[in-house]
Amino acid sequence: MKDFILSHKFMLFCLLLLWGKTFTVSLLTFNIQMNKYIDVVIFALNPLAFLIVLFSVGILLNTKIQPKYYFVISLLLTVVLYANSVYFREFSDIITLPMLVMSANMGDLSTSIFALIQWYDIFYFMAVLVIGYLMIKTPSSLTITQSSLRKTRKKFAVIGVIVLTLGALPQFNHPESRTHSFNRDHLVQSMGLYNFYVYDAFVHTQTNAQRVFADHDDWSTIIKHLEQFRAEPNKDLIGIAKDMNVVVVSLESVESFVIGETLNGEEITPFLNELIDDSFYFENFYYQTGQGKTSDAEFLINNSLYPLGRGAVFHTHSSNQFEALPETLKEYGYYNASFHANDGTFYNRDVMYENLGYDRYFELEDYEITEENSVGWGMKDIEWIEQSMNYVLDLPEPFYGTFLTLTNHFPYELNEENYFIEPFDSESEIVNQYFQTVRYTDEAMKVLVENLKEQGLYENTMIVMYGDHYGIANSHYPSLEKFLDKEITPVEEVKLNRVPLIVHIPGIEGETLDTVSGQVDVMPTLLNLLGIPEGDKIMFGSDLFSEEKDDFAVLRNGTVVTDDVIYYNGDCLEADTGEKISMEYCVPAIDRGEWELYYSDKIIYSDLFRFKD
């Protein structure tokens, strides 16, 4: 071994340099929970196994090629590490292989990406620059030797044993790991970032093969699970919105913590507050989106299925068969339209909408967009609503219209002349600007309702507004704590996944309900209010007004929320106090949550609706 070290100092230097950088960056960037000394040791050793394999291959190459090989490998791994670090800053997630399918969206995402890049990011590439310099001017002390596989079989055997040992360590440390793992933070902690991509490639291959081997019999266990937790819709509310138009608004990045709150003595959401007073409002309603963000929220609302944990269903499975809400409404005489001032191909909406049963998609080309009426991601919400209403007037009734707002999108840019409220004062520019764009979107909702009234549509229209996903990433929580005036503990962090859900039916007295629920529950709720029977539809959600509905929501990362307990990051917490309690109290909810996600994934990956009778 001594001879090996003396002969391959250049390789070992590059390996150790990249290992140290990977450990440091991963520890400082990702959401790593280490409660024991062994957790630290395993987390530190995880990337080493992968790096040993990759760098050991280099010693078989010609001595002139070896430095170039180590430089290229170091550069590629640094790009992977840096890309995930930047992505994690806002999305608190890891980039998965299916997200590469979404690369066509990069042009539209440029505003968000550039806002995430910092000047100090150059330090991510310092190790690569050092290796590049040494590649050109290699000191004699950093030895480079070519080895033949035949003569170094014993050394490679030792390397193999080391790699296998390092790979097995996480299994010994987490023997209780559950069957279905949906938490990528846990996966990265237990196997390391680079090994995660080996695992992700395996999962990608495995899930792609599911469609080939699927058949009708796969439905039996899924239907049995759904029947076990099925809640009978509220009979008193069946059909109270029968034959009414339905307007569903996706409130971009609006979280529940802004509802009813003030900033500098002014209401942040004055119109929504007023609307809530005369509507059904669900204060414990959770977003359940994955990497598809807004498109995932649309998928949940329109299918009562969970989105995939990897990538976006709109991209990866747009040709699947579904039992979508628009298609169902079409059978009852509804005309379905969606309004979004973005490119029609963004998130593959032009393809997916047709599959879901939409008759018309009003997109970028349908709007008169100028520099004056645009900001950040595109057209300002107020101007967009005003132009959209011209199209709404011509829709056949009854209609189902979905509206996707844009202005309150990260990084929350807004022209000063559009301010309705002064910014917050904290160290985070993102948090400071967030309240202004939320307030602007609130004003746009006022314009929407006023237009419905002016055009004589209001009295015969059920209005549904929901938050699509989070607005403030946990990297900004220190500044958000200042606004909330309290520490964001683990239980509070989970509760920040709550988004508003407002159901407004003219002439019907509303109320605020505290049922723990999620976006998956919207479709069955709307069907019942419209008087449309569920029949044999496959829906993982329940009517939100049902007296039999459990207080339950599972998030896409495996977090589970009930009225009594919260399961988060491997801990079981008391829902009210946040106190850590015995895992046995969470096991039933965890099991249900895992099977919900597993069965929903199976339906999508296997395209099971093609076998449904």
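The values are calculated or read from the model by the stated rules, or taken from the named source; none is laboratory data. Please read all numbers here as calculations on a predicted model, not as lab measurements. Neighbour counts run over all protein chains shown; Cβ positions are idealised from the backbone, glycine included. Note: accessible area is taken over every heavy atom of the protein model, side chains too, but ligands, DNA and RNA are not part of it. Shrake-Rupley method; radii C 1.70, N 1.55, O 1.52, S 1.80 Å.
Table for the structure above
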| read-out | value |
| --- | --- |
| Verdict on Glu274 being touching a helix residue (DSSP H, G or I) at 6+ places or on another chain (Cβ under 8 Å) and either open to solvent by 10 Å² or more (accessible area, probe 1.4 Å) or of a type in the set (Lys, Arg) (or both) | no |
| Single residue of Thr143, Thr138, Thr165, Thr179 found to be open to solvent by 30 Å² or more (accessible area, probe 1.4 Å), out of contact with any Ser or Thr (no Cβ under 8 Å at 6 or more places or on another chain), at pLDDT 80 or above and of a type in the set (S, T, N, Q) | Thr138 |
| Index of the failed condition, Glu450 passing every other in (1) open to solvent by less than 10 Å² (accessible area, probe 1.4 Å); (2) under 29 Å from Gly507 (Cβ atoms) | (1) |
| Residue among Thr294, Thr289 that is in contact with an Asp or Glu (Cβ under 6 Å, 6 or more places away or on another chain), among the polar types (S, T, N, Q) and in a loop (DSSP other than H, G, I, E, B) | Thr289 |
| Residue in the range 402-419 that is assigned to a loop (DSSP other than H, G, I, E, B), out of contact with any helix residue (DSSP H, G or I) (no Cβ under 7 Å at 6 or more places or on another chain) and aliphatic (A, V, I, L, M) present | no |
| The range 1-29, residues that are modelled with pLDDT of 80 or more and outside any helix (DSSP H, G or I) | His8 |
| Count - residues of the range 407-447 that are over 18 Å from Trp377 (Cα atoms), aliphatic (A, V, I, L, M) and surrounded by fewer than 23 Cβ atoms within 10 Å (Cβ to Cβ) | 2 |
| In the range 316-371, the residues that are in a loop (DSSP other than H, G, I, E, B), farther than 20 Å from Phe611 by Cα and within 23 Å of the chain's Cα centre (by Cα) | His340, Ala341, Asn342, Asp343, Gly344, Thr345 |
| Residue list for the range 457-487, restricted to those being assigned to a loop (DSSP other than H, G, I, E, B) and buried (at least 17 other Cβ atoms within 10 Å of the Cβ) | Leu457, Asp468, His469, Tyr470, Gly471, Ile472, Ala473 |
| Single residue of Val25, Val41 found to be over 23 Å from Thr145 (Cβ atoms) and surrounded by 14 or more Cβ atoms within 10 Å (Cβ to Cβ) | Val25 |
| Residues that are surrounded by fewer than 21 Cβ atoms within 10 Å (Cβ to Cβ) and either more than 27 Å from Pro411 (Cβ to Cβ) or of a type outside the set (S, T, N, Q) (or both), drawn from the range 336-345 | Asp343, Gly344 |
| Pick from the range 71-94, criterion among the β-branched types (Val, Ile, Thr) and open to solvent by 20 Å² or more (accessible area, probe 1.4 Å), ranking: farthest from the chain's Cα centre (by Cα) | Val72 |
| Cβ pairs under 7 Å, 6+ apart, first in the range 551-566 and under 20 Å from Tyr599 (Cβ atoms), second among the acidic types (Asp, Glu) and open to solvent by less than 20 Å² (accessible area, probe 1.4 Å) | Val554/Glu596 |
| Test: Gly541 is in contact (Cβ under 8 Å) with a residue 60 or more places away in the chain, more than 18 Å from Phe229 (Cβ to Cβ) and small (Gly, Ala, Ser) | no |
| Elements of type strands (runs of 3 or more DSSP E) contained in the range 517-613, each with 2 or more residues being open to solvent by 10 Å² or more (accessible area, probe 1.4 Å) | 565-568, 571-574 |
| Flag if Phe314 is among the aromatic types (Phe, Trp, Tyr), under 28 Å from Tyr598 (Cα atoms) and out of contact with any helix residue (DSSP H, G or I) (no Cβ under 7 Å at 6 or more places or on another chain) | no |
| Some residue of the range 497-513 being part of a helix (DSSP H, G or I), open to solvent by 20 Å² or more (accessible area, probe 1.4 Å) and more than 22 Å from Ala297 (Cβ to Cβ) | no |
| Count - residues of the range 231-264 that are surrounded by fewer than 19 Cβ atoms within 10 Å (Cβ to Cβ) and either in a strand (DSSP E or B) or at pLDDT below 95 (or both) | 3 |
